[in-house]
Structure formats: structure tokens, C-alpha cells
Amino acid sequence: MSSTSHISVNGHPHVIYQENALSQEELLKQSEAFYSFLDQRRSVREYADTPVPKEVIEALIKTASTAPSGAHKQPWTFCAVSNPALKTKIKEAAEAEEKESYESRMSDRWKKDLEPLGTDMHKPFLEIAPWLIIVFKKVHDLGDEGEKINNYYVNESVGIACGMLITAIHNAGLVTLTHTPSPMNFLAKLLNRPSNERAFLLLPVGYPKSPTYVPDIARKPLDEVAEFYE
Ligand code: IYR
């Protein structure tokens, strides 16, 4: 039986969803395979300066922008920076904030928690990685007259989009790192962003330095991260 491909809901057009259902056997195989693949993702702090084509970055951003968002407002802007002078400015400003953080803002306990990861105030990857993607959240939209237009669940929406971006970067065979210099407002200034945008996350994107090393840490087992109510 064939179904109609278009209907109207509250006067708004709806199209038929293209199902992609798998057999139970295939479902398990695909889910396990995707888990194994994503379990290989690591946050990488040392990058090669090997270029990555702009078209790849465009595809990664298009992928992230498929994320679900409150009322489908897509309250995000992905700023992709390869300009060397701008990367240097971002590095200098980020390191100035990081120095302040490591020397006085962060508690001893926090720094102790970071010791196994080997982070410090120096962020050479901000110049070496061929691309920096700075994700901005739109706390509201701006109308033609500069009026505020509501967005909804902005942090949740942008967080989900960032997760999908990180997944897409891994899928491309590239590496990234979630860098959150704090405070981050220097990024809106350096990138000339409009008044409704706030920096959310900075992701360097590139190939890893070869060789590079990552902390030998394990992920929590399923029974520590999941509860089933059957
Ligand atoms: N933003 C700092 C500190 C930092 C904080 C956490 I929580 C990390 O998981 C890693 C680093 C930095 O980027 O070094």
C-alpha cells in the first residue's frame, strides 16, 4: 500500500519520513560497530600542521547543524578560522586567560583532577592546528530592526550540535579537543560577533602529531553509567 508523501499539520507541510529500519541482528551489529569506532575517539592536544581542505570543514559543520534544536531554531554559529594571524591572536588571548586561571582562578583540587590529563596554560595547538572551530550560541535571534526573537533550550541544543561535530570530526579521521578558555568573551571580540552570540566551545581540528600520546585512562563500564528499568 502506498502512502501519500506530503500532508498538512496545522497548515504546515509535512513530508513522509524515510525509514531505515534494520533487522534485529543488523541493529545489534551496527550499534556495536559504531560503539567500537567511537570508543577509539580521544581528545588530542598535539597537532600536525598538515592542511585540511575547507570543503571538509564545511561538511563537518553541515553535519553538526543537522542537530535537533529547541523549536528548530538552530541557535548556533560555527566560526572556522584558518587565518594564521587570527589564530595567533586567539592563542595569545586564550593563554592570557589560562595563565590567570591556572595561577589563581582554579582551586588546588581542580588542578589535581587535571594532573592525569597533563594540561597546562600553554595552548600551542591554537596556532598549529590548521583549523579552529569556535562555536557560538545565539542567546536570542536578532530581527531586522534589531529586536530580540526567542530561542529555546539554547545550551542543550548547542551542546548536542557540538557532540555531533566531535563525532563527525572523528569519522573524518581527524582529531579535536574541547577547549573552554574561561572567560571566553575575547572570542566574540576577536571574531566580531553580533551582540546575541556568546562563545560556547573552541575545537581545534586537524591531524594528530605523529606520534602523539594520550592519557592511558579507561571509560566507566556500562553498569556505572546506565540503569535499566525493565
Ligand atoms: N580550560 C583549562 C582547564 C581545563 C579544565 C578542564 I574541567 C579540563 O578537562 C581540561 C582543562 C584548559 O584548557 O587547560
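The values are calculated or read from the model by the stated rules, or taken from the named source; none is laboratory data. All figures in this text were calculated on a predicted structure; none of them were measured in a lab. Because the Cβ atoms are built from the backbone with ideal geometry, glycine has one as well, and the counts that use them run over all protein chains shown.
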**Study point:** Check on Gln18, more than 30 Å from Thr212 (Cα to Cα) and either touching a helix residue (DSSP H, G or I) at 6+ places or on another chain (Cβ under 8 Å) or without any contact (Cβ under 8 Å) to a residue 12 or more places away in the chain (or both)
**Key:** yes
When (1) under 30 Å from Gly173 (Cβ atoms); (2) within 15 Å of the ligand (Cβ to nearest atom); (3) small (Gly, Ala, Ser); (4) at pLDDT 95 or above are applied to Ala59, the one that fails is (2)
How many residues of segment 73-107 are assigned to a loop (DSSP other than H, G, I, E, B) and at negative phi? The answer is 6
Contact list, first residue from segment 171-186 and at pLDDT 95 or above and within 15 Å of the ligand (Cβ to nearest atom), second anywhere and β-branched (Val, Ile, Thr) and assigned to a loop (DSSP other than H, G, I, E, B), beta-carbon distance below 9 Å, six or more apart or interchain, is Thr176/Val44; Leu177/Val44
Residue count, segment 210-227, condition of a type in the set (D, E, K, R) and within 30 Å of Trp76 (Cα to Cα), comes to 1
Practice problem: Using the structure shown, decide if Lys62 is under 14 Å from the mean Cα position of the chain (by Cα) and not small (Gly, Ala, Ser). | Solution: yes
Among helices (runs of 4 or more DSSP H) completely within segment 108-196, the ones holding 1 or more residues that are under 14 Å from the mean Cα position of the chain (by Cα) and not aliphatic (A, V, I, L, M) are 154-171
